[in-house]
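Novice: Have a look at the structure that comes next, please.
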Amino acid sequence: MNILAAFLLLHLAQTILGQGADQRPNYVIFMADDLGIGDLGCYGNTTIRTPHIDSLAHDGVLLTQHIAAASLCTPSRAAFLTGRYAVRSGMASVNRIGVFLFAAASGGLPTNETTFAKLLKEQGYSTGLIGKWHLGLNCEASGDHCHHPANHGFDYFYGLPLTNLRNCKPGSGNVFAAGSRKAVRTAVPLVALALFTLLLLDHLALLAVPWRALGFVFLDAALLIGAVVLFLSKFRQLNCILMQNDTIIQQPFSFDSLTQRLTNEATSFMERNVGRPFLLFTSYIHVHTALYASREFLGKSKHGLYGDSVEEMDWSVGGFSRSEPIHTRLYFVLHR
């Protein structure tokens, strides 16, 4: 990210000094989520069709060294936007989760961090983020949006404040299943042991245990299991959200034509900003699980749903290439 920021600012300075502010270039950044470097034609793949992404490499520069700062979405995106290791902004975790999973979670990228969107906005650029954010949303209340993209330099936002976990797509699995089973397997023996101990003490007349106490133990166990079941059944409705600026427009969001909607929003943003310089950060939901593809691409690749997803993303990149105004620089990056 330090290289990217330096390139943007150096190129901007050269343009302003050499041609005047009215000729400042536009910047379109594509970020693919969880895409393998070997899954693009420009890096040697011969079985997944990515002609539009390949043309960016053919007509421009093909980079072979671009290291993500973390192996998880939240810290790697924080580093990408700021040019600093995520631990310096408090976006790295010492536990096993390390990413934002719930819309109700507090915390996010601190607003005093400098992002490349803020830098370009200060230079008079119109800035937009289309797609996945995953860097926090609220602080103290569900609507304060203190960590919203708008507080990090983006004038316009259309996309997911979190991510597309498998829970967001019916039939695609449950990322919490293993953890929930582990919790139940741990809790049930403990409850059984507690009940057995109480009954034994009562039988040996070492402790008088009222039956009401036993009932409370049973009730607590039932409430715990019920809470887990309720949480898993309502996760999609509560956390799979599509927003436009600070308004929720679909909850839960639908995968139907989602890529087309994101692409249309991105091209509309470029059309609205003809005549002024802009930064458009297109943060694709592809190919993070849950994998998905629109009807036009479903079953068309040689690599199942994953290949369909990659080829649909390539189609979207092609839509930008056809719509880009003059003086536009395109940058495609594989990230988490």
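The values are calculated or read from the model by the stated rules, or taken from the named source; none is laboratory data. Keep in mind the model is a prediction, meaning the values are calculated, not measured. For neighbour counting, all protein chains shown are included, and Cβ atoms are generated from backbone atoms with ideal geometry for every residue, glycine included. Calculation scope for accessible area: heavy atoms of the full protein, side chains included, ligands and nucleic acids excluded. Shrake-Rupley method; radii C 1.70, N 1.55, O 1.52, S 1.80 Å.
Novice: Looking at the structure I just gave you, is Phe80 over 17 Å from the mean Cα position of the chain (by Cα) and either modelled with pLDDT of 90 or more or more than 22 Å from Asn164 (Cβ to Cβ) (or both)?
Specialist: On the way: over 17 Å from the mean Cα position of the chain (by Cα): no; either modelled with pLDDT of 90 or more or more than 22 Å from Asn164 (Cβ to Cβ) (or both): yes.
For Phe80, the condition - over 17 Å from the mean Cα position of the chain (by Cα) and either modelled with pLDDT of 90 or more or more than 22 Å from Asn164 (Cβ to Cβ) (or both) - is not met.
Novice: In this structure, does Leu230 turn out to be among the aliphatic types (A, V, I, L, M) and in a loop (DSSP other than H, G, I, E, B)? It would help to see each step written out before you state the result.
Specialist: Working: among the aliphatic types (A, V, I, L, M): yes; in a loop (DSSP other than H, G, I, E, B): no.
Answer is no for this residue.
Novice: Given the criterion of a type outside the set (D, E, K, R), assigned to a loop (DSSP other than H, G, I, E, B) and over 30 Å from His335 (Cβ atoms), identify the matching residue among Leu219, Leu207, Leu199. Spell out how you get there, then give the answer.
Specialist: Working: Leu219 fails: assigned to a loop (DSSP other than H, G, I, E, B); Leu199 fails: assigned to a loop (DSSP other than H, G, I, E, B).
On inspection, the qualifying residue turns out to be Leu207.
Novice: In this structure, is Leu63 of a type outside the set (Asp, Glu) and touching a residue at least 60 places away in the same chain (Cβ under 8 Å)? Steps first, answer last, please.
Specialist: Details: of a type outside the set (Asp, Glu): yes; touching a residue at least 60 places away in the same chain (Cβ under 8 Å): no.
Answer is no for this residue.
Novice: Another question, if that's okay. Within the group Gly41, Gly136, which residue is over 20 Å from Ile241 (Cβ atoms) and either surrounded by fewer than 20 Cβ atoms within 10 Å (Cβ to Cβ) or of a type outside the set (Asp, Glu) (or both)? Let's see the steps before the verdict.
Specialist: On the way: Gly136 fails: over 20 Å from Ile241 (Cβ atoms).
Only one candidate passes the filter, namely Gly41.
Novice: Hey, can you tell me all the residues within the range 46-102 that are open to solvent by less than 20 Å² (accessible area, probe 1.4 Å) and part of a loop (DSSP other than H, G, I, E, B)?
Specialist: Matches in the range 46-102: Ile48, Thr50, Gly83, Met91, Gly98.
Novice: Which residues, taken from the range 265-289, are open to solvent by less than 70 Å² (accessible area, probe 1.4 Å), in contact (Cβ under 8 Å) with a residue 40 or more places away in the chain and either hydroxyl-bearing (Ser, Thr, Tyr) or part of a loop (DSSP other than H, G, I, E, B) (or both)? Steps first, answer last, please.
Specialist: Going residue by residue through the range 265-289, those that are open to solvent by less than 70 Å² (accessible area, probe 1.4 Å) are 265-270, 273, 277-289.
Retained after the next criterion (residues that are in contact (Cβ under 8 Å) with a residue 40 or more places away in the chain): 265-267, 269-270, 273, 277-289.
Those that are open to solvent by less than 70 Å² (accessible area, probe 1.4 Å), in contact (Cβ under 8 Å) with a residue 40 or more places away in the chain and either hydroxyl-bearing (Ser, Thr, Tyr) or part of a loop (DSSP other than H, G, I, E, B) (or both): Thr267, Asn273, Pro277, Thr282, Ser283, Tyr284, Ile285, His286, Val287, His288, Thr289.
Novice: Further, regarding this structure: Please work out which residue is least open to solvent (accessible area, probe 1.4 Å), limiting yourself to the range 230-264 and to residues that are farther than 18 Å from Leu162 by Cβ and not small (Gly, Ala, Ser).
Specialist: Thr263
Novice: May I ask you to verify whether Gly36 is touching a helix residue (DSSP H, G or I) at 6+ places or on another chain (Cβ under 7 Å), closer than 13 Å to Val310 by Cα and surrounded by fewer than 20 Cβ atoms within 10 Å (Cβ to Cβ)? Spell out how you get there, then give the answer.
Specialist: Working: touching a helix residue (DSSP H, G or I) at 6+ places or on another chain (Cβ under 7 Å): no; closer than 13 Å to Val310 by Cα: yes; surrounded by fewer than 20 Cβ atoms within 10 Å (Cβ to Cβ): yes.
The answer is no for Gly36.
Novice: Do you know which of the residues in the range 140-152 that are of a type outside the set (Ser, Thr, Tyr) and over 20 Å from Ala117 (Cβ atoms) is surrounded by the most Cβ atoms within 10 Å (Cβ to Cβ)?
Specialist: The initial filter retains those residues of the range 140-152 that are of a type outside the set (Ser, Thr, Tyr), namely 140-141, 143-152.
Cutting the leftovers down to over 20 Å from Ala117 (Cβ atoms) gives us 140-141, 143-144.
Numbers: Glu140: 8, Ala141: 9, Gly143: 9, Asp144: 13.
The residue in question is Asp144.
Novice: Follow-up. Please go through the range 290-308 and give me each residue that is free of Cβ contacts under 8 Å to residues at least 60 places away in the same chain, charged (D, E, K, R) and open to solvent by 10 Å² or more (accessible area, probe 1.4 Å), ordered by number.
Specialist: Arg295, Glu296, Lys300
Novice: Something else: List, please: which pairs have Cβ atoms under 8 Å, are six or more places apart or on different chains, and start with a residue in the range 313-336 that is crowded, with 17+ Cβ neighbours inside 10 Å and end with one that is at pLDDT 90 or above and acidic (Asp, Glu)?
Specialist: Cβ pairs passing all conditions: His335/Asp33; Arg336/Asp33; Arg336/Asp34.
Novice: Within the range 103-130, count every residue that is part of a loop (DSSP other than H, G, I, E, B) and either farther than 20 Å from Ala32 by Cα or open to solvent by 20 Å² or more (accessible area, probe 1.4 Å) (or both).
Specialist: Counting residues in the range 103-130 that are part of a loop (DSSP other than H, G, I, E, B) and either farther than 20 Å from Ala32 by Cα or open to solvent by 20 Å² or more (accessible area, probe 1.4 Å) (or both) gives 13.
Novice: Determine which member of the set Ala205, Ala222, Ala213 is over 44 Å from the mean Cα position of the chain (by Cα), open to solvent by less than 80 Å² (accessible area, probe 1.4 Å) and over 30 Å from Asp256 (Cα atoms). Step through it out loud before you land on a result.
Specialist: Numbers: Ala205 fails: open to solvent by less than 80 Å² (accessible area, probe 1.4 Å); Ala222 fails: over 44 Å from the mean Cα position of the chain (by Cα).
Step by step, each of Ala205, Ala222, Ala213 is checked, and only Ala213 is over 44 Å from the mean Cα position of the chain (by Cα), open to solvent by less than 80 Å² (accessible area, probe 1.4 Å) and over 30 Å from Asp256 (Cα atoms).
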